[in-house]
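Enquirer: Pasting in a structure now, in structure tokens, and then I'll have a few things to ask.
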Amino acid sequence: MNGNSKNPVVNGSGDVQGRRRALIKEKIRTFPAMPAFVAQVITMLNDPAADAVTIAGRIKFDPGMTANILRLANSAEFGARRSVRSLQEAIVRLGLKQLFQLVVASGMGRRLSKPMPGYELAPDELLRHSLWAALAAEELCLALSIHAPDMLFTSGLLHDLGKLILDEFVDASKVEIFKVAGEQKLSFEMAEAAVVGMNHADAGAAVLDQWHFPAELVAAARWHHCPEAAGEYESIASIVHVAEFLSYAEGIGTGIDGLGYHLSQEAIDNLGVRKKDLEWVASHTLDKMRDLEKLLKD
Amino acid sequence: MNNVIVGISEMAVSNTADDVLTTYSLGSCLGITFYDTSLHVGGMIHCMLPLSQIDAQKALENPCMFVDTGTTKLLKEMFALGCRKSSLVVKIAGASAVLDSKGLFKIGERNYTIFRKILWKNSMLIHAEDVGGNISRTVRLEIATGRVTIKSGGVEKEL
Ligand SMILES: [Fe+2]
């Protein structure tokens, strides 16, 4: 695992930092697997041989997911002229990409809803931030007329997964993190790495890697605060970076860290983002967000 | 006490003494409160973007999204309840900035500027404000008293 190259080291605290990093690694190793059902469906979705019948055969055992899929397939977004009643038909109408997004969002929703005392996020706030970033990432592609990478929505959704790992460590070292950030003029994720030994982007990427998610998605999570270092995945990391930044600017999921990140000017320049694009994306994302929250409500 | 939550791009007007209007986690968005001291009517709006011209369709569907159309709508509703410009106390909060050296994300600052312009056109003044910086704020307006409080980073203060 390659660490974020921007991570600074606090002089003289190498030992403490090393011990904390070991604890974090242990927590990553023992982090609960993806809900089994989600893992199975994702495997199926990545299997070229699986068709709507096989996939429906697995999903029908999960009533919540079945309801969400039917609701989405019948929503205005899919221009439903005729209502769809069978799960199989709904799967065909949505297509694999949409289905993948929905399965991950429904499957991970509960975990991302936990309150996080370290980052000072109320219950559901990380989920809202994640959904917002995922939707804004897609809207940004529309605004810029660029092709949205396949894994974009899911990358947006899971970019901050590492906060689930780091929350307790951030909670224990909050004062220190702010001190380091202030004294060294560091953005939050750098101070995080300097104090607790790893930043939330690397922690999240490690979990996603362990779950065997596609490399593109792992890279987007790892580099979402430093997209210019993402190599071949710079584009997806940049889109997620700008989308997350916009979410914070709008006060969505802004915990103690939200307004303490630095914008990557490289990402802005490479994508060619203009002020009016950001405002357009913000207004459209809000509407999409309302629809999606309704859909995922239960 | 009855907590009325004002979400992003939403507004609320009340003359029920028991109500407290609350809007959470203002980032670059602008939280605006109006309070009529003689009628004890209060209004709050949480605007996300400065100008409605960015998306005319959206402005029609949801005028509260934008500072220009939102402020006008809130004022109208308050006037409809008998409020008078001369007795309205105006307090605002939010318009934070994120760390962006070139100012592309200056949405907060633009929200604030547009609001000042609108007030100026209406010959009204801001009585108190807590804006800018890199912080997120929660604002409450008590209808019974007109008291406005700001909470940020666990600390609450009166505006
Ligand atoms: Fe992040």
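The values are calculated or read from the model by the stated rules, or taken from the named source; none is laboratory data. Source: prediction; values computed, not measured. A quick note on method: Cβ atoms are made from the backbone with ideal geometry, for glycine too, and the neighbour counts reach across all protein chains shown. Side chains included, ligands, DNA and RNA excluded: accessible areas come from the protein's heavy atoms. Shrake-Rupley method; radii C 1.70, N 1.55, O 1.52, S 1.80 Å.
Enquirer: Just to be sure I understand, how many residues within segment A:272-284 are surrounded by 21 or more Cβ atoms within 10 Å (Cβ to Cβ) and more than 10 Å from chain B (Cβ to nearest Cβ)?
Expert: Looking only at that region, the number is 1.
Enquirer: Among residues belonging to segment A:170-179 that are within 14 Å of chain B (Cβ to nearest Cβ) and among the hydrophobic types (A, V, I, L, M, F, W, C), point out the one that is farthest from the ligand (Cβ to nearest atom). Can you show your working first?
Expert: Taking segment A:170-179 as the starting set, the residues that turn out to be within 14 Å of chain B (Cβ to nearest Cβ) are A:171, A:174-175, A:177-178.
Applying the additional criterion that residues be among the hydrophobic types (A, V, I, L, M, F, W, C) yields A:175, A:177-178.
Working: A:Val175: 21, A:Ile177: 14, A:Phe178: 17 Å.
Only one residue tops the list, namely A:Val175.
Enquirer: Kindly evaluate B:Val148 against the criterion of being of a type in the set (Val, Ile, Thr) and within 14 Å of chain A (Cβ to nearest Cβ).
Expert: no
Enquirer: Exactly one condition in (1) touching a residue at least 24 places away in the same chain (Cβ under 8 Å); (2) more than 8 Å from chain B (Cβ to nearest Cβ); (3) more than 11 Å from the ligand (Cβ to nearest atom) is false for A:Ile256; which is it?
Expert: Answer for A:Ile256: the failing condition is (2).
Enquirer: May I ask you to verify whether A:His224 is within 15 Å of the ligand (Cβ to nearest atom), in contact (Cβ under 8 Å) with a residue 12 or more places away in the chain and not in a helix (DSSP H, G or I)? Outline the logic, then answer.
Expert: Details: within 15 Å of the ligand (Cβ to nearest atom): yes; in contact (Cβ under 8 Å) with a residue 12 or more places away in the chain: yes; not in a helix (DSSP H, G or I): yes.
In short, yes.
Enquirer: State whether the residues of segment A:260-280 include one that is touching a Gly at 6+ places or on another chain (Cβ under 9 Å), aliphatic (A, V, I, L, M) and within 14 Å of the ligand (Cβ to nearest atom).
Expert: Looking for residues that are touching a Gly at 6+ places or on another chain (Cβ under 9 Å), aliphatic (A, V, I, L, M) and within 14 Å of the ligand (Cβ to nearest atom), one finds none in segment A:260-280, hence no.
Enquirer: Within segment B:113-159, take every residue that is in contact with a strand residue (DSSP E or B) (Cβ under 8 Å, 6 or more places away or on another chain) and more than 21 Å from B:Leu21 (Cα to Cα) and give me the one that is most open to solvent (accessible area, probe 1.4 Å).
Expert: B:Leu125
Enquirer: Let me ask something else about it. Would you pick out the residues in segment A:184-206 that are away from the ligand (no atom under 14 Å from the Cβ) and part of a helix (DSSP H, G or I)? Outline the logic, then answer.
Expert: Taking segment A:184-206 as the starting set, the residues that turn out to be away from the ligand (no atom under 14 Å from the Cβ) are A:184-186, A:194-197, A:206.
Listed by number, the residues that qualify are A:Gln184, A:Ala194, A:Val195, A:Val196, A:Ala206.
Enquirer: Of the conditions (1) within 14 Å of chain A (Cβ to nearest Cβ); (2) outside any helix (DSSP H, G or I), B:Arg110 satisfies every one except a single condition; which number is it?
Expert: Tallying (1) within 14 Å of chain A (Cβ to nearest Cβ); (2) outside any helix (DSSP H, G or I), B:Arg110 fails exactly one: (2).
Enquirer: Have a look at A:Gly231, A:Gly251, A:Gly204 and point out the one that is open to solvent by 10 Å² or more (accessible area, probe 1.4 Å) and not charged (D, E, K, R).
Expert: Values: A:Gly251 fails: open to solvent by 10 Å² or more (accessible area, probe 1.4 Å); A:Gly204 fails: open to solvent by 10 Å² or more (accessible area, probe 1.4 Å).
Only one candidate passes the filter, namely A:Gly231.
Enquirer: Turning to a different aspect of this structure: Inspect segment B:90-102 for any residue being more than 17 Å from the chain's Cα centre (by Cα), hydrophobic (A, V, I, L, M, F, W, C), within 12 Å of chain A (Cβ to nearest Cβ) and open to solvent by 30 Å² or more (accessible area, probe 1.4 Å) and give the result as yes or no. Steps first, please.
Expert: Let us first name the residues in segment B:90-102 that are more than 17 Å from the chain's Cα centre (by Cα), namely B:98-102.
Adding the requirement that they be hydrophobic (A, V, I, L, M, F, W, C) leaves B:98-99.
In the following step, the residues that additionally are within 12 Å of chain A (Cβ to nearest Cβ) were identified as B:98-99.
Then drop every residue that is not open to solvent by 30 Å² or more (accessible area, probe 1.4 Å), which leaves B:99.
Yes, segment B:90-102 contains at least one residue that is more than 17 Å from the chain's Cα centre (by Cα), hydrophobic (A, V, I, L, M, F, W, C), within 12 Å of chain A (Cβ to nearest Cβ) and open to solvent by 30 Å² or more (accessible area, probe 1.4 Å).
Enquirer: In addition: Starting from residues that are touching a residue at least 12 places away in the same chain (Cβ under 8 Å) and within 7 Å of another protein chain (Cβ to nearest Cβ), keep the ones in segment A:259-271 and report whichever is most open to solvent (accessible area, probe 1.4 Å). Full working, then the answer.
Expert: Taking segment A:259-271 first, the residues touching a residue at least 12 places away in the same chain (Cβ under 8 Å) are A:260-264, A:266-268, A:270-271.
With within 7 Å of another protein chain (Cβ to nearest Cβ) added as a condition, the list becomes A:260-263, A:268.
Working: A:Gly260: 23, A:Tyr261: 2, A:His262: 80, A:Leu263: 23, A:Ile268: 7 Å².
So, considering only residues that are touching a residue at least 12 places away in the same chain (Cβ under 8 Å) and within 7 Å of another protein chain (Cβ to nearest Cβ), the one most open to solvent (accessible area, probe 1.4 Å) is A:His262.
Enquirer: Which residues, taken from segment B:35-63, are open to solvent by 10 Å² or more (accessible area, probe 1.4 Å), more than 10 Å from chain A (Cβ to nearest Cβ) and within 12 Å of B:Met11 (Cβ to Cβ)?
Expert: Correct list: B:Pro63 only.
Enquirer: Counting only residues that are of a type in the set (Lys, Arg) and more than 11 Å from the ligand (Cβ to nearest atom), how many does segment A:145-169 have? Quick ask: steps written out before the conclusion?
Expert: Of the residues in segment A:145-169, the ones of a type in the set (Lys, Arg) are A:163.
Restricting the remaining residues to those that are more than 11 Å from the ligand (Cβ to nearest atom) gives none.
So the answer is 0.
Enquirer: Where the second residue is of a type in the set (Gly, Ala, Ser) and the first is on the phi < 0 side of the Ramachandran plot and lies in segment A:39-62, which pairs have Cβ atoms under 7 Å and are six or more apart or on separate chains?
Expert: Close Cβ pairs satisfying both conditions: A:Ala39/A:Ala33; A:Met44/A:Ala50.
Enquirer: Do any residues in segment A:151-169 that are closer than 19 Å to A:Lys25 by Cα have Cβ atoms under 6 Å from those of residues that are away from the ligand (no atom under 12 Å from the Cβ) and not aromatic (Phe, Trp, Tyr), where the two are at least six apart or on different chains, and which pairs are they?
Expert: A:Leu161/A:Val207; A:Ile165/A:Lys27; A:Ile165/A:Ile28; A:Asp167/A:Met116; A:Asp167/A:Gly118; A:Phe169/A:Val196
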